[in-house]
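Each value in this text was obtained by applying a stated rule to the coordinates, not by laboratory testing. Treat the numbers as computed from the prediction; the structure is a model and nothing was measured.
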Amino acid sequence: MAVRRHNRMRVTHPVIGPVDLDCQVLLAPEGEQRLVLFTPPPGTDAGERLALLRVVGTEQFTKG
């Protein structure tokens with residue numbers, strides 16, 4: 001059985017700003033492997049902000 005840990009963290013992206021994410025860490029019983037999942041918390045705009053990265057990530061910005 002894996003050990004599961006959960007917390008919330010804030011990541012600051014240089015273009016879209018701060019994004020709160022739920023972080024779940026699943027640990028293998030031996031502790032040799034872990035799976036880290038980051039998901040947008042329900043009821044927040046984090047999912048919309050992450051969707052912006054699909055567009056922002058393909059654009060080239062220049063100073064005008």
Q | Stretch gain in nm, segment residue 33-residue 53, where the contour uses 0.36 nm per residue and the Cα spacing is subtracted | A | 4.3 nm
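Mind checking the full-extension length gain between residue 23 and residue 6? Use 0.36 nm per residue of separation minus the Cα-Cα distance, one decimal, nm. Can you show the working numbers first?
Numbers: separation 17, 0.36 × 17 = 6.12 nm, distance 0.57 nm.
In short, 5.5 nm is gained.
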